Amino acid sequence: MTARNSLLPAAFRTTRWTCVCKAQSGSEDGRAALAELCDAYYEPVLAFLRCELRDADAARDMSHAFFAEMLGSGSIGGADRTRGRFRSYLLGAVKHFVARQRESSARMKRGGGAEPLSLDDAEAREVADAKNNTPDSEFDRQWAVTVLARGLEALRLECIAENRETFFEAVKPLLTGDGAYGDQAALAASCGMNLDAFRMAVHRLKKRLRQCVKAEVAGTLDDPAMVQEEMQSLFAALGG
(Lines give C-alpha, C1' and ligand atoms only; values in the text may rest on other atoms or scores of the structure.)
Protein backbone atom coordinates (compact mmCIF):
# COMPACT_ATOMS: atom_id res chain seq x y z
CA MET A 1 0.00 0.00 0.00
CA THR A 2 1.23 3.50 -0.70
CA ALA A 3 2.38 5.71 2.15
CA ARG A 4 -0.73 7.07 3.80
CA ASN A 5 1.13 9.65 5.86
CA SER A 6 1.48 11.78 2.72
CA LEU A 7 -2.22 12.60 3.06
CA LEU A 8 -3.98 14.57 5.74
CA PRO A 9 -5.28 12.21 8.46
CA ALA A 10 -8.97 12.66 7.68
CA ALA A 11 -8.79 13.52 4.00
CA PHE A 12 -8.30 10.31 2.03
CA ARG A 13 -8.79 10.66 -1.66
CA THR A 14 -12.22 9.87 -3.01
CA THR A 15 -12.28 7.29 -5.81
CA ARG A 16 -13.14 8.54 -9.29
CA TRP A 17 -14.40 6.36 -12.11
CA THR A 18 -11.64 7.67 -14.35
CA CYS A 19 -9.15 6.15 -11.91
CA VAL A 20 -11.08 2.88 -11.95
CA CYS A 21 -10.86 2.74 -15.73
CA LYS A 22 -7.11 3.37 -15.57
CA ALA A 23 -6.75 0.67 -12.94
CA GLN A 24 -8.43 -1.82 -15.26
CA SER A 25 -5.88 -1.19 -18.00
CA GLY A 26 -2.98 -2.96 -16.27
CA SER A 27 -0.64 -0.14 -17.30
CA GLU A 28 1.79 1.66 -15.01
CA ASP A 29 -0.70 4.52 -14.75
CA GLY A 30 -3.38 1.95 -14.00
CA ARG A 31 -1.36 0.43 -11.16
CA ALA A 32 -0.72 3.88 -9.72
CA ALA A 33 -4.44 4.65 -9.94
CA LEU A 34 -5.27 1.39 -8.19
CA ALA A 35 -2.85 2.23 -5.37
CA GLU A 36 -4.60 5.58 -5.05
CA LEU A 37 -7.95 3.81 -4.78
CA CYS A 38 -6.60 1.67 -1.96
CA ASP A 39 -5.44 4.78 -0.11
CA ALA A 40 -8.83 6.39 -0.64
CA TYR A 41 -10.87 3.52 0.75
CA TYR A 42 -8.60 2.18 3.47
CA GLU A 43 -10.58 3.74 6.34
CA PRO A 44 -14.08 2.73 5.16
CA VAL A 45 -12.88 -0.85 4.61
CA LEU A 46 -11.18 -0.88 8.02
CA ALA A 47 -14.35 0.45 9.65
CA PHE A 48 -16.37 -2.33 8.01
CA LEU A 49 -13.95 -5.02 9.14
CA ARG A 50 -13.69 -3.73 12.71
CA CYS A 51 -17.46 -4.05 13.03
CA GLU A 52 -17.64 -7.35 11.14
CA LEU A 53 -14.77 -9.11 12.94
CA ARG A 54 -15.06 -7.34 16.31
CA ASP A 55 -11.31 -7.53 16.67
CA ALA A 56 -9.25 -4.41 15.97
CA ASP A 57 -6.00 -6.24 15.22
CA ALA A 58 -7.68 -8.83 13.00
CA ALA A 59 -9.47 -6.02 11.14
CA ARG A 60 -6.20 -4.22 10.41
CA ASP A 61 -4.54 -7.44 9.25
CA MET A 62 -7.44 -8.33 6.98
CA SER A 63 -7.59 -4.78 5.57
CA HIS A 64 -3.94 -5.05 4.55
CA ALA A 65 -4.52 -8.52 3.10
CA PHE A 66 -7.56 -7.34 1.13
CA PHE A 67 -5.76 -4.39 -0.43
CA ALA A 68 -2.60 -6.42 -1.01
CA GLU A 69 -4.64 -8.93 -2.99
CA MET A 70 -6.34 -6.15 -4.92
CA LEU A 71 -2.99 -4.53 -5.73
CA GLY A 72 -1.35 -7.84 -6.56
CA SER A 73 -4.08 -9.43 -8.65
CA GLY A 74 -5.72 -6.42 -10.24
CA SER A 75 -9.10 -7.63 -8.98
CA ILE A 76 -10.41 -4.13 -9.56
CA GLY A 77 -11.11 -5.35 -13.08
CA GLY A 78 -14.46 -6.59 -11.82
CA ALA A 79 -15.67 -3.04 -11.22
CA ASP A 80 -18.38 -2.24 -13.75
CA ARG A 81 -18.80 1.45 -14.49
CA THR A 82 -22.36 0.85 -15.65
CA ARG A 83 -23.31 -0.28 -12.14
CA GLY A 84 -23.17 3.34 -11.00
CA ARG A 85 -21.30 3.37 -7.69
CA PHE A 86 -17.74 2.23 -7.15
CA ARG A 87 -18.44 2.43 -3.41
CA SER A 88 -21.02 -0.34 -3.75
CA TYR A 89 -18.58 -2.47 -5.75
CA LEU A 90 -15.87 -2.13 -3.11
CA LEU A 91 -18.23 -3.03 -0.27
CA GLY A 92 -19.28 -6.15 -2.16
CA ALA A 93 -15.64 -7.01 -2.86
CA VAL A 94 -14.60 -6.84 0.79
CA LYS A 95 -17.62 -8.93 1.83
CA HIS A 96 -16.62 -11.57 -0.71
CA PHE A 97 -13.03 -11.45 0.57
CA VAL A 98 -14.18 -11.98 4.17
CA ALA A 99 -16.36 -14.93 3.11
CA ARG A 100 -13.44 -16.57 1.30
CA GLN A 101 -11.15 -16.05 4.29
CA ARG A 102 -13.70 -17.64 6.61
CA GLU A 103 -14.16 -20.60 4.28
CA SER A 104 -10.41 -21.09 4.14
CA SER A 105 -10.11 -20.81 7.92
CA ALA A 106 -12.92 -23.33 8.42
CA ARG A 107 -11.20 -25.83 6.12
CA MET A 108 -7.93 -25.44 8.00
CA LYS A 109 -9.65 -25.92 11.36
CA ARG A 110 -11.38 -29.06 10.16
CA GLY A 111 -7.99 -30.33 9.05
CA GLY A 112 -6.31 -29.36 12.30
CA GLY A 113 -4.15 -26.77 10.60
CA ALA A 114 -5.14 -23.71 12.63
CA GLU A 115 -6.19 -22.68 16.11
CA PRO A 116 -9.47 -20.83 16.68
CA LEU A 117 -9.17 -17.06 16.76
CA SER A 118 -8.54 -15.77 20.27
CA LEU A 119 -10.58 -12.67 21.06
CA ASP A 120 -10.36 -10.67 24.24
CA ASP A 121 -13.92 -10.24 25.53
CA ALA A 122 -13.39 -6.66 26.72
CA GLU A 123 -11.93 -5.60 23.38
CA ALA A 124 -14.72 -7.39 21.53
CA ARG A 125 -17.35 -5.48 23.48
CA GLU A 126 -15.52 -2.19 22.92
CA VAL A 127 -15.22 -2.68 19.17
CA ALA A 128 -18.73 -4.06 18.76
CA ASP A 129 -20.34 -1.32 20.83
CA ALA A 130 -19.84 1.45 18.21
CA LYS A 131 -23.48 2.50 18.55
CA ASN A 132 -24.51 -1.05 17.61
CA ASN A 133 -24.05 -0.18 13.95
CA THR A 134 -23.92 -2.87 11.29
CA PRO A 135 -20.74 -3.40 9.26
CA ASP A 136 -22.48 -1.92 6.20
CA SER A 137 -23.53 1.22 8.07
CA GLU A 138 -20.02 1.62 9.50
CA PHE A 139 -18.60 1.44 5.97
CA ASP A 140 -21.09 4.06 4.75
CA ARG A 141 -20.49 6.32 7.74
CA GLN A 142 -16.72 6.30 7.25
CA TRP A 143 -17.15 6.84 3.51
CA ALA A 144 -19.30 9.89 4.30
CA VAL A 145 -16.68 11.21 6.74
CA THR A 146 -14.02 10.73 4.06
CA VAL A 147 -15.99 12.60 1.40
CA LEU A 148 -16.85 15.49 3.71
CA ALA A 149 -13.25 15.79 4.89
CA ARG A 150 -12.05 15.78 1.29
CA GLY A 151 -14.52 18.50 0.39
CA LEU A 152 -13.38 20.57 3.36
CA GLU A 153 -9.75 20.14 2.33
CA ALA A 154 -10.57 21.28 -1.22
CA LEU A 155 -12.19 24.39 0.22
CA ARG A 156 -9.19 25.04 2.46
CA LEU A 157 -6.85 24.90 -0.53
CA GLU A 158 -9.06 27.37 -2.39
CA CYS A 159 -8.94 29.74 0.57
CA ILE A 160 -5.15 29.45 0.72
CA ALA A 161 -4.96 30.36 -2.97
CA GLU A 162 -7.14 33.40 -2.26
CA ASN A 163 -5.13 34.42 0.84
CA ARG A 164 -8.08 33.61 3.11
CA GLU A 165 -6.61 30.72 5.06
CA THR A 166 -6.77 32.61 8.37
CA PHE A 167 -10.46 33.35 7.88
CA PHE A 168 -11.12 29.74 6.87
CA GLU A 169 -9.45 28.37 10.00
CA ALA A 170 -11.36 30.85 12.18
CA VAL A 171 -14.77 29.83 10.82
CA LYS A 172 -14.06 26.13 10.22
CA PRO A 173 -16.04 25.10 13.35
CA LEU A 174 -19.09 26.87 11.90
CA LEU A 175 -18.66 25.06 8.58
CA THR A 176 -18.49 21.66 10.25
CA GLY A 177 -21.24 22.32 12.79
CA ASP A 178 -18.87 22.43 15.77
CA GLY A 179 -19.35 26.13 16.53
CA ALA A 180 -22.18 27.55 18.63
CA TYR A 181 -24.39 30.27 17.16
CA GLY A 182 -23.52 32.63 20.01
CA ASP A 183 -19.83 32.56 19.08
CA GLN A 184 -20.38 34.41 15.80
CA ALA A 185 -20.26 37.95 17.21
CA ALA A 186 -16.89 37.34 18.85
CA LEU A 187 -15.56 35.63 15.73
CA ALA A 188 -16.71 38.50 13.53
CA ALA A 189 -14.89 40.99 15.73
CA SER A 190 -11.72 38.89 15.72
CA CYS A 191 -11.85 38.83 11.91
CA GLY A 192 -12.30 42.61 11.75
CA MET A 193 -15.80 42.33 10.27
CA ASN A 194 -19.24 43.48 11.31
CA LEU A 195 -21.70 40.70 12.08
CA ASP A 196 -23.74 41.00 8.88
CA ALA A 197 -20.67 40.87 6.64
CA PHE A 198 -19.30 37.97 8.67
CA ARG A 199 -22.51 35.96 8.35
CA MET A 200 -22.61 36.56 4.61
CA ALA A 201 -19.00 35.41 4.22
CA VAL A 202 -19.70 32.26 6.24
CA HIS A 203 -22.84 31.58 4.21
CA ARG A 204 -20.82 31.78 1.00
CA LEU A 205 -18.20 29.40 2.36
CA LYS A 206 -20.90 26.93 3.41
CA LYS A 207 -22.37 27.10 -0.09
CA ARG A 208 -18.95 26.54 -1.63
CA LEU A 209 -18.27 23.64 0.76
CA ARG A 210 -21.44 21.94 -0.40
CA GLN A 211 -20.29 22.37 -4.01
CA CYS A 212 -16.92 20.82 -3.15
CA VAL A 213 -18.60 17.87 -1.46
CA LYS A 214 -20.94 17.39 -4.42
CA ALA A 215 -17.92 17.35 -6.73
CA GLU A 216 -16.35 14.60 -4.60
CA VAL A 217 -19.59 12.61 -4.64
CA ALA A 218 -19.96 13.04 -8.41
CA GLY A 219 -16.50 11.55 -8.87
CA THR A 220 -17.70 8.24 -7.42
CA LEU A 221 -20.71 7.95 -9.72
CA ASP A 222 -21.29 7.09 -13.35
CA ASP A 223 -24.54 9.04 -13.72
CA PRO A 224 -24.57 12.75 -12.68
CA ALA A 225 -28.29 12.41 -12.04
CA MET A 226 -27.46 10.22 -9.03
CA VAL A 227 -25.56 12.95 -7.17
CA GLN A 228 -28.50 14.26 -5.14
CA GLU A 229 -29.54 10.75 -4.12
CA GLU A 230 -25.98 9.98 -3.05
CA MET A 231 -25.77 13.25 -1.11
CA GLN A 232 -28.90 12.25 0.80
CA SER A 233 -27.34 8.87 1.55
CA LEU A 234 -24.19 10.62 2.75
CA PHE A 235 -26.02 12.77 5.29
CA ALA A 236 -28.19 9.82 6.34
CA ALA A 237 -25.02 7.83 7.06
CA LEU A 238 -23.86 10.64 9.33
CA GLY A 239 -27.18 10.65 11.13
CA GLY A 240 -28.10 14.07 9.76
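The values are calculated or read from the model by the stated rules, or taken from the named source; none is laboratory data. Everything quoted here is computed from the prediction, not taken from an experiment. No Cβ is skipped: glycine too gets one built from the backbone with ideal geometry, and neighbour counts run over all protein chains shown.
Descriptive notes on the structure:
- Filter result for MET193 (at negative phi, part of a loop (DSSP other than H, G, I, E, B), at pLDDT 90 or above and more than 19 Å from the chain's Cα centre (by Cα)): yes
- Cβ-Cβ contacts under 9 Å between residues 6 or more apart (or on different chains), taken from a first residue in region 217-239 that is without any contact (Cβ under 8 Å) to a residue 60 or more places away in the chain and surrounded by 12 or more Cβ atoms within 10 Å (Cβ to Cβ) to a second residue that is in a strand (DSSP E or B) and of a type in the set (A, V, I, L, M), are listed as VAL227/LEU221.
- Selection of region 82-134 for residues being part of a helix (DSSP H, G or I), modelled with pLDDT under 55 and exposed (fewer than 12 other Cβ atoms within 10 Å of the Cβ) yields ASP121, ALA122, ARG125, ASP129, LYS131.
- Checked against the criterion of being modelled with pLDDT of 95 or more, in a helix (DSSP H, G or I) and either under 29 Å from ALA40 (Cβ atoms) or β-branched (Val, Ile, Thr) (or both), the candidates PHE168, PHE198 yield just one match: PHE168.
- Selection of first residues in region 170-187 that are among the hydrophobic types (A, V, I, L, M, F, W, C) and of second residues that are modelled with pLDDT of 90 or more and in a loop (DSSP other than H, G, I, E, B), restricted to Cβ pairs under 9 Å at least 6 apart or on distinct chains, gives the following pairs, ordered by first then second residue: ALA170/CYS191; VAL171/CYS191; LEU187/MET193.
- Test for ARG210: is it loosely packed, with under 11 Cβ neighbours inside 10 Å and either of a type outside the set (A, V, I, L, M) or assigned to a helix (DSSP H, G or I) (or both): no
- Of the residues examined, ALA215 is one that is assigned to a helix (DSSP H, G or I) and closer than 21 Å to TYR89 by Cβ.
- Counting residues in region 33-45 that are buried (at least 16 other Cβ atoms within 10 Å of the Cβ), of a type in the set (A, V, I, L, M), part of a helix (DSSP H, G or I) and modelled with pLDDT of 85 or more gives one or more.
- Filter result (farther than 27 Å from VAL227 by Cβ and surrounded by 11 or more Cβ atoms within 10 Å (Cβ to Cβ)) within region 174-189: GLY179, ASP183, GLN184, ALA185, LEU187, ALA188, ALA189
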